[in-house]
């Protein structure tokens with residue numbers, strides 16, 4: 001085991017110093033909660049009778065006696081989402097496993113799980129980011145009954161996992177394990193899908209051709225196979241010690257997946273306060289685990305959305321991280337994975353090449369992860385250098401491959417795809433944002449071109465259809481931040497800008513909104529903070545202003561005379577003209593939008 005990299009130590013120590021007061025306050029609240037609210041101890045006979053009224057006889061007797069542990073299940077099951085459909089059968093597996101060890105499991109509650117893939121480019125997408133905090137509150141409601149000694153969280157996709165973690169951390173005295181469902185089988189290549197999307201955007205393919213290719217890409221149960229936010233979630237939960245080792249990328253509806261689900265239940269029950277290995281989630285998610293998550297995000301070229309979600313998750317544990325922490329780690333953590341959109345492979349290829357066990361082993365050996373962390377698998381991250389298999393129908397863990405089984409997908413620290421990480425902080429007189437540089441070819445990382453300013457992605461698409469965008473330009477999409485409209489992903493821009501770049505034009509995107517977790521080949525500075533609605537300087541930009549983006553240097557500047565720039569007022573947001581602005585549920589989220597913090601602060605509605 002190598003000594004820790006000095007940068008890893010430096011970033012961890014400054015996070016610890018920055019978080020000293022908030023972390024101490026969080027741990028004290030957790031300590032008081034553990035002392036004051038041991039499971040079921042405060043429930044009256046009427047309370048308890050309500051809680052086990054519908055339970056099977058054996059479970060009822062165990063809960064009535066009070067000597068047996070009870071495992072709470074918080075589920076994001078619905079059968080519209082391919083990634084969450086497998087969860088339908090999980091409660092039965094978990095309950096059976098609990099009974100086998102003399103315990104009980106109950107479904108504590110359900111949380112909403114929306115699919116960005118369904119809502120992209122539609123009004124529902126304005127609820128997406130804010131749904132994370134609704135999920136956190138739903139998790140709190142589920143666990144509020146004080147019936148549970150531990151909990152398992154069933155969720156995979158973009159906002160669901162961060163929401164579950166945020167909610168669970170507010171019950172920091174409970175052991176918690178995240179239980180994934182796994183990716184769908186590989187369909188058509190991501191390159192083929194993207195090409196047809198671009199052809200459709202330019203009028204060269206019809207809707208039937210587009211629907212056919214989309215249906216072949218998204219064709220079964222499990223997460224989408226590209227390395228977007230959902231699969232970045234699974235990577236993070238594993239490297240942060242909240243999964244069982246190797247659980248992230250096992251296919252749904254397989255014997256190994258079912259065995260891992262049952263073992264997650266048994267393991268969670270072994271970590272309760274009444275047992276010898278008490279491991280509450282507050283001990284698992286500390287500064288070292290958060291830094292490990294950031295480092296692994298860089299090593300894999302993970303989703304830009306986690307520059308928001310990791311900030312919010314850490315804050316729920318009293319830990320304060322900033323984009324500077326991401327940027328500083330990015331400079332020293334090499335890129336070890338090439339998974340779409342950073343390459344042609346999908347997560348199934350990554351898993352087959354050695355997956356998380358190999359990746360974690362490489363980073364540990366290079367001193368780029370903290371080894372001495374608490375995990376749900378036990379003390380130390382070394383547990384996660386092993387991978388699960390079934391041997392004679394029994395679940396065991398074996399050592400990961402000593403070398404990558406496919407160097408086009410997964411590499412060692414000695415021979416990385418790039419010497420630094422996949423994400424970059426961008427700063428300048430327009431504010432602070434992030435870019436996914438690992439997905440952008442070197443020749444596209446520097447651009448100087450005039451701005452064309454839009455207030456919606458629909459305006460840009462309309463301009464493209466009108467033939468107004470066949471030139472070099474920087475697309476500025478403002479009023480897309482958390483407070484403006486909930487910060488939807490601007491998915492409609494990807495095929496349009498990609499097609500223009502393929503035609504030879506120099507194009508880039510600058511926005512206070514989000515792009516997909518699979519942000520791709522066009523240079524895009526996103527999450528600009530402060531956002532336009534909050535008076536951020538992105539609101540001062542005018543069409544025709546010359547903008548220089550240097551993603552290599554991490555800078556973006558409006559090349560406007562300093563005095564003129566300082567004197568400019570930000571353009572006020574136009575009132576909604578869409579007669580659907582208050583419908584489709586969006587008006588219910590007005591209060592959350594009004595209190596949302598900036599993207600750099602995690603876009604949270606829970607305050608600092």
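The values are calculated or read from the model by the stated rules, or taken from the named source; none is laboratory data. Worth saying up front: this structure is predicted, and the values here are computed from it rather than measured. Counting neighbours? That spans all protein chains shown, and the Cβs are built from the backbone with ideal geometry, glycine included.
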Determine if the stretch 534-542 includes at least one residue that is on the phi > 0 side of the Ramachandran plot, free of Cβ contacts under 8 Å to residues at least 40 places away in the same chain and out of contact with any helix residue (DSSP H, G or I) (no Cβ under 9 Å at 6 or more places or on another chain). yes
Looking at the stretch 40-67, I want the residues that are at positive phi and have a partner that is part of a helix (DSSP H, G or I) with Cβ atoms under 7 Å, at least 6 apart or on another chain. Which pairs are those? 40/48
Kindly evaluate residue 527 against the criterion of being in contact with a helix residue (DSSP H, G or I) (Cβ under 7 Å, 6 or more places away or on another chain) and touching a residue at least 12 places away in the same chain (Cβ under 8 Å). yes
For the stretch 28-45, which positions are part of a helix (DSSP H, G or I) and either in contact with a strand residue (DSSP E or B) (Cβ under 6 Å, 6 or more places away or on another chain) or surrounded by 16 or more Cβ atoms within 10 Å (Cβ to Cβ) (or both)? 30, 33, 34
State the number of residues belonging to the stretch 426-460 that are buried (at least 23 other Cβ atoms within 10 Å of the Cβ), in a loop (DSSP other than H, G, I, E, B) and modelled with pLDDT of 95 or more. 1
Within the set of pairs 6 or more residues apart or between chains, which connect a residue that is free of Cβ contacts under 8 Å to residues at least 60 places away in the same chain and not assigned by TED's automatic domain parsing to the domain that holds residue 340 inside the stretch 191-208 to a residue that is buried (at least 16 other Cβ atoms within 10 Å of the Cβ) and in a helix (DSSP H, G or I) with Cβ atoms less than 6 Å apart? 193/213; 193/217; 196/210; 196/213; 205/196; 205/199
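Residue-wise test of (1) surrounded by fewer than 24 Cβ atoms within 10 Å (Cβ to Cβ); (2) outside the structural domain of residue 522 (by TED's automatic domain parsing); (3) assigned to a loop (DSSP other than H, G, I, E, B); (4) in contact with a strand residue (DSSP E or B) (Cβ under 9 Å, 6 or more places away or on another chain).
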| residue | (1), (2), (3), (4) |
| --- | --- |
| 262 | yes, yes, no, yes |
| 265 | no, yes, no, yes |
| 293 | no, yes, no, no |
| 299 | no, yes, no, yes |
| 309 | no, yes, no, no |
Where residues in the stretch 274-284 are under 22 Å from residue 154 (Cα atoms) and touching a strand residue (DSSP E or B) at 6+ places or on another chain (Cβ under 9 Å), which of them is surrounded by the most Cβ atoms within 10 Å (Cβ to Cβ)? 281
Take residue 423 and tell me if it is touching a helix residue (DSSP H, G or I) at 6+ places or on another chain (Cβ under 8 Å) and at pLDDT 95 or above. no
(1) modelled with pLDDT under 95; (2) over 17 Å from residue 513 (Cα atoms); (3) exposed (fewer than 11 other Cβ atoms within 10 Å of the Cβ) all hold for residue 568 apart from (3)
For the stretch 77-102, how many residues meet the condition of being out of contact with any strand residue (DSSP E or B) (no Cβ under 6 Å at 6 or more places or on another chain) and either part of a strand (DSSP E or B) or under 20 Å from residue 259 (Cα atoms) (or both)? 14
